[in-house]
DNA sequence: GATGAATTTGTTAGCGCTCACAATGGTGTC
DNA sequence: GACACCATTGTGAGCGCTAACAAATTCATC
């Protein structure tokens, strides 16, 4: 920096002012300094800057189940939005969600300090751990939760109480309601559900949306089979469903479990959609190429990431806590559903 | 740090020595300092440390196509290995691979400095850009390339010439050879290939493995259809293949394209595996639940990430450049392949 | 033309840490 | 007992930057 100052014939402080876009620098000086910066290929030292500003220009992303389509794409969305805003993204992916693992990861973000933290795909366990740990920087949970689902309100309630900036979510319950309503419209009256792990907030919200919508139509919920997001668990659930013959339609909490169910039905000799309608959740790109193509619920991951970073940065830079933000998912109808 | 020193009755320097596990600190002093650190909940300031050591304890991961199974899981493996070694991982995912995008991302890693860089899933474009940019820190390419494939040698040759630490790769050509040999063993003699985009190093290596193995068996290569990794492109290729009826087996360069092909065959009334055998590449967890379950090539992403970080850290910390490392993929046989 | 205000620049003091060196005390050797 | 030697601790400087203040210059206004 001293070198740049010398070359431009100014003091190092003026160089600093140019770098930080301070208002009171004359146009001529600014040009001279910028010229010198370019000539010397100067890059300011981030460590020195952080030392005095106490900002790292990095945000930490804490996530679980990052091998799954939803979380992985949320990460991508968050990452892109953050980098556009000049923040770098440091990630910590938990292979198993345990309080100590979460603690370690957050500790990591305090050591290699993050100006803010995004938590993807919270579990009950994750939320509990988060509540018990004092995180000294803004934190946003993203992608899930049932904010906006009114009385059911999972995510929103939790974080509102903490004075957290609130969370950004796709309205899972509404997505589930879309899916179920679509099946109701087709004349189905016994609609099963293959759920995600019940301690995942979004899994619970999807299940609740399914139950709620059926109740609203005056119907008893069909069989509820618990999966773990994996295709294998969907397969096993599908076999059970085929054996019991209690439902004419299934709503799976993600596309992978729907894929497993599809295969189970195929093995059991049930035709989809003639004998059994199937709806998934996520709309991963492959869903259109399942056999048959899957009707599913679409979530906007890019938008989710952008909103999430927007909210986080508002809190970091402005100090104004956002109030939460909810996106509405849409239904994509394909060949896996048909009238009863 | 001064506070800790005062509480422990030592100088700040002794605290620093404890923190850095210097040898010449008496056990009693060390215990007293550690106690003080714990009592005060002290965490050392990374920015100050980086300022003087010129190390950020962060490694940057530059990747493309991170929405696909392979790259996403490589990232996960790299991330886990890095965090275990006390490094944080900063990621930059390119949505489109352009020289300027690559330059921006690398520039980002120089600004928020990384001690080393991992490049996932290199393209031709990526390699070219990397060669033209002077990166002042160790760089490892990972997961792809055809290092070890002898005369064909893509990745290894490129990076050896640069004096780079070399790259870590799954031997793509060997994986492809496994797949094709399996089909040959089943008696197939006209074996088609659905390739990835030819400017992706690993796609080229898989295609080459396919061509090479067929040539070794004295057979002419079957039809070559070019895809783009997506299920959609596999579907279109599958339709063409079904129409032309020139092959009895297909080797797809990833599982998603295999999925698309499966759907195309199903629509065209071709039974798999009776009329057509299909082999994929990646062994993503869903592959076992395709209809029918997919025979595919398994890659060890965890291992890949660990080796890659191992090599990078050896270069960062020891200054000794690794020589490259090649993993062998395995074949997982499922129901999508059958004797001719 | 003198006064006050605004604009533009420079000077100084740390931010919290590690490095190089110095100082102290103990131990072994002849 | 004198000397060298090592283990252990402390002291001072400085990494590259920004914040706060101070100084110099310009400008408008009466």
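Structure above, values below:
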{"read-out": "Count of the stretch B:76-117 residues which are over 14 Å from residue B:133 (Cα atoms) and facing chain A (nearest Cβ under 8 Å)", "value": "14"}
{"read-out": "Extreme residue, nearest to the other protein chains (Cβ to nearest Cβ), among residues of the stretch A:231-244 that are under 24 Å from the mean Cα position of the chain (by Cα) and buried (at least 22 other Cβ atoms within 10 Å of the Cβ)", "value": "A:231"}
{"read-out": "Residue tally, condition away from chain A (no Cβ under 12 Å) and in contact with a helix residue (DSSP H, G or I) (Cβ under 6 Å, 6 or more places away or on another chain), over the stretch B:281-290", "value": "1"}
{"read-out": "So residue A:166, is it farther than 30 Å from residue A:276 by Cβ, at pLDDT below 90 and more than 14 Å from every other protein chain (Cβ to nearest Cβ)", "value": "yes"}
{"read-out": "Flag if residue B:43 is part of a loop (DSSP other than H, G, I, E, B) and within 14 Å of chain A (Cβ to nearest Cβ)", "value": "yes"}
{"read-out": "The listed residue being near DNA strand D (Cβ under 7 Å from one of its atoms) and either modelled with pLDDT under 95 or within 9 Å of chain A (Cβ to nearest Cβ) (or both), out of B:57, B:13", "value": "B:13"}
{"read-out": "Matching residues, the stretch A:1-40, being part of a loop (DSSP other than H, G, I, E, B), surrounded by 11 or more Cβ atoms within 10 Å (Cβ to Cβ) and more than 10 Å from DNA strand C (Cβ to nearest atom)", "value": "A:1, A:20"}
{"read-out": "Qualifying residue in the stretch A:245-267 (condition: more than 10 Å from every other protein chain (Cβ to nearest Cβ) and modelled with pLDDT under 95)", "value": "yes"}
{"read-out": "Selected residue (criterion: surrounded by the fewest Cβ atoms within 10 Å (Cβ to Cβ)) from residues of the stretch A:291-300 that are more than 7 Å from chain B (Cβ to nearest Cβ) and either more than 26 Å from residue A:142 (Cα to Cα) or touching a helix residue (DSSP H, G or I) at 6+ places or on another chain (Cβ under 6 Å) (or both)", "value": "A:293"}
{"read-out": "Some residue of the stretch A:249-259 being buried (at least 23 other Cβ atoms within 10 Å of the Cβ), under 25 Å from residue B:272 (Cβ atoms), over 21 Å from the mean Cα position of the chain (by Cα) and in contact (Cβ under 8 Å) with a residue 24 or more places away in the chain", "value": "yes"}
{"read-out": "Only one of B:46, B:29 that is more than 11 Å from DNA strand D (Cβ to nearest atom) and either touching a helix residue (DSSP H, G or I) at 6+ places or on another chain (Cβ under 7 Å) or within 25 Å of residue A:104 (Cβ to Cβ) (or both)", "value": "B:46"}
{"read-out": "Odd one out for residue A:88, checked against (1) within 16 Å of DNA strand D (Cβ to nearest atom); (2) crowded, with 18+ Cβ neighbours inside 10 Å; (3) not assigned by TED's automatic domain parsing to the domain that holds residue A:19", "value": "(1)"}
{"read-out": "Matching residues in the stretch B:277-327 - criterion: being at pLDDT below 90 and part of a loop (DSSP other than H, G, I, E, B)", "value": "B:299, B:300, B:319, B:320, B:321, B:322, B:323, B:324"}
{"read-out": "Hey, residue A:30 touching a residue at least 12 places away in the same chain (Cβ under 8 Å) and more than 12 Å from chain B (Cβ to nearest Cβ) or not", "value": "yes"}
{"read-out": "Given (1) away from DNA strand D (no atom under 14 Å from the Cβ); (2) away from chain B (no Cβ under 14 Å); (3) within 40 Å of the chain's Cα centre (by Cα), index of the condition residue A:64 fails", "value": "(2)"}
{"read-out": "Test: residue in the stretch B:47-70 that is closer than 19 Å to residue B:314 by Cα, part of a helix (DSSP H, G or I), in the same structural domain as residue B:306 (by TED's automatic domain parsing) and away from DNA strand C (no atom under 12 Å from the Cβ)", "value": "no"}
{"read-out": "Conditions (1) surrounded by 22 or more Cβ atoms within 10 Å (Cβ to Cβ); (2) touching a helix residue (DSSP H, G or I) at 6+ places or on another chain (Cβ under 6 Å); number of the one not met by residue A:221", "value": "(1)"}
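The values are calculated or read from the model by the stated rules, or taken from the named source; none is laboratory data. Quick caveat: nothing in here was measured; it's all calculated off a predicted structure. Counting neighbours? That spans all protein chains shown, and the Cβs are built from the backbone with ideal geometry, glycine included.
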